[in-house]
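To start, the structure itself, in C-alpha cells.
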Amino acid sequence: MISVIVPTANRPQLVTRAVKSALAQSLTNIEVVIVIDGPDPETTQALNAIADHRLRLIQNARPLGSAEARNVGVRAAQGEWVAFLDDDDEWLKDKLELQLAVTSPDSFVIVSCLNYVVTSLQRYIWPRRVYDNACPLDEYLFDRRSWFRGDVMLQCSSLLMPRQLCLELMFRPVHDDWDMLLRAAKGRGVEIVTVRQPLVIHHTEDGRESLGASFDWRNSLDWADTHRFLFSRRAYAGFCLTIISPQAAKAGDHLAFFVLLYRALRHGSPRPIQLALYLAIWLIPMRRRQKLRSLWYRRPPSRVVASASGCGQLPPT
C-alpha cells in the first residue's frame, strides 16, 4: 500500500481538489492521510464530507509548519511507500501507478516525475532537464545556467519514496524537500529516478502563500551556511544569487543585496550568468520577469533546448 501524505491549513476548497485527485488514482490500494495543521473547522467539515474509507484525518492541536505536518503523516502512515501532495496541487490519475512501476521490491530509491506548472500567464512542463544522477544534486538544483526558471525542478508533490527511508531522514523546517533530497542523495547515496511524463499539476505564482512558504531570506541563508558541506562552491553561489535573492527583493530588503553578493563571492564561485541574473532579479520587477519567461518559452522547442547545459537529460518531446 502507498500512503499519500497531504498537509493543509485553512484552504478547504484547494485541499478538497487535491484529495479527490489522490483518491481518483488508477492504483487503488492507497490511503490518503491528511494532516490538518492546527484548529481548522471549515477544512475538517469539507473533508468529512468526502465518503471514502481510504481517507484518514489527523488534526494537529496547534500549527507545526509544513515539515512537521508531513512528519506527523509519515509516522501515522501504514504503507510501505509514501507519496506527498501539497494541498494546492493535483495529480493525474496514473501518477502513482507509473511511479511504482519503475521500482522493484527491494529498491531504495526516490521517484519523481515531470510537472505541469500552471501560472496565470502560461502552462509549462518542468523540469526541462531531468536529473540523471550524473552530477551532484546540489549542482543540479542550484548551479543555475539558464535565464529563466523551469530548467530544473524537484518538488514535494512529485515525490514517492520508501516509508522507511523517510522515517530515517524526516523533514526539517527550512527548504524541507530540498533538505531531505540532499541528505538522501549526498549523505546516503540514494538514487533519484524520474518518470519522464508530467503527472503533477503544480499551481504557482498566483499570490497565495503556501504552508511551507513562511521562511525569509535570512532563514534560507542560515540553512545554506549550516549545510555548506552539502554544497559545492558553484551551488552555494547559485543558491545565494538566484534562489534566496528573489525572496529578499520581493520583500524590498536592500541590505540583502550586499550580504548575498558578498557571501556568494566569499564562499562560492558564481558563474557570469548567475551574476547577471542577480542584477536582473533586483532591477526588473518579478511580474515583468515572468512575462519575459512566458515569451521565451513560446519560442520553438529546438531553440530553447539549445540553452540547456550542465548535468541532467532533456525529457522526450
Provide a single number: the residues in the range 44-95 that are within 21 Å of ASP176 (Cβ to Cβ) and either outside any loop (DSSP other than H, G, I, E, B) or of a type in the set (Lys, Arg) (or both). 21
So is ASP151 modelled with pLDDT under 95 and either more than 20 Å from VAL72 (Cβ to Cβ) or of a type in the set (Val, Ile, Thr) (or both) or not? yes
Output the qualifying pairs, or none if there are none: Cβ atoms under 9 angstrom, residues six or more apart or on different chains, first residue in the range 32-48 and over 15 Å from SER66 (Cα atoms), second residue part of a helix (DSSP H, G or I) and of a type in the set (A, V, I, L, M, F, W, C). VAL32/VAL19; VAL32/ALA22; VAL32/LEU23; THR43/VAL15; ALA46/VAL15; LEU47/VAL15; LEU47/VAL19
Take the conditions in contact (Cβ under 8 Å) with a residue 24 or more places away in the chain, in a strand (DSSP E or B) and at negative phi and apply them to TYR116. Does it pass? yes
So, LEU98, is that one over 16 Å from the mean Cα position of the chain (by Cα) and either at pLDDT below 95 or within 24 Å of GLN197 (Cα to Cα) (or both) or not? yes
Among (1) of a type outside the set (Val, Ile, Thr); (2) modelled with pLDDT of 95 or more; (3) surrounded by 16 or more Cβ atoms within 10 Å (Cβ to Cβ); (4) not in a loop (DSSP other than H, G, I, E, B), the one test that LYS186 misses: (2)
Considering only residues that are of a type in the set (Phe, Trp, Tyr) and in contact with a helix residue (DSSP H, G or I) (Cβ under 6 Å, 6 or more places away or on another chain), look in the range 259-300 and name the one that is nearest to PHE231 (Cα to Cα). TYR278
Reported set for the range 30-43 where residues are out of contact with any strand residue (DSSP E or B) (no Cβ under 7 Å at 6 or more places or on another chain) and part of a loop (DSSP other than H, G, I, E, B) is GLY38, PRO39, ASP40
Just for the range 189-204: of the residues that are of a type in the set (A, V, I, L, M) and in a strand (DSSP E or B), which one is surrounded by the most Cβ atoms within 10 Å (Cβ to Cβ)? VAL200
Give the residues of the range 57-71 that are more than 27 Å from VAL117 (Cα to Cα) and either outside the structural domain of LEU199 (by TED's automatic domain parsing) or surrounded by 18 or more Cβ atoms within 10 Å (Cβ to Cβ) (or both), sorted by residue number. ASN60, LEU64
I'd like the full set of residues that are of a type outside the set (Lys, Arg) and surrounded by 19 or more Cβ atoms within 10 Å (Cβ to Cβ), limited to the range 147-161. PHE148, ASP151, VAL152, MET153, LEU154, GLN155, CYS156, SER157, SER158, LEU159, LEU160, MET161
Which listed residue is under 16 Å from the mean Cα position of the chain (by Cα), buried (at least 19 other Cβ atoms within 10 Å of the Cβ) and not assigned by TED's automatic domain parsing to the domain that holds TRP91, from PHE231, PHE239: PHE239
Considering the range 1-28 alone, what residues qualify as being closer than 15 Å to TRP91 by Cβ and assigned to a loop (DSSP other than H, G, I, E, B)? ALA24, GLN25, SER26, LEU27, THR28
One residue is enough: does the range 104-116 have a residue meeting the conditions over 25 Å from VAL190 (Cα atoms), in contact with a Pro (Cβ under 9 Å, 6 or more places away or on another chain) and assigned by TED's automatic domain parsing to the domain that holds ASP179? yes
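The values are calculated or read from the model by the stated rules, or taken from the named source; none is laboratory data. Just so it is clear, the model here is predicted, and its values are computed rather than measured. Every residue, glycine as well, gets a Cβ built from its backbone with ideal geometry; the counts of neighbours run over all protein chains shown.
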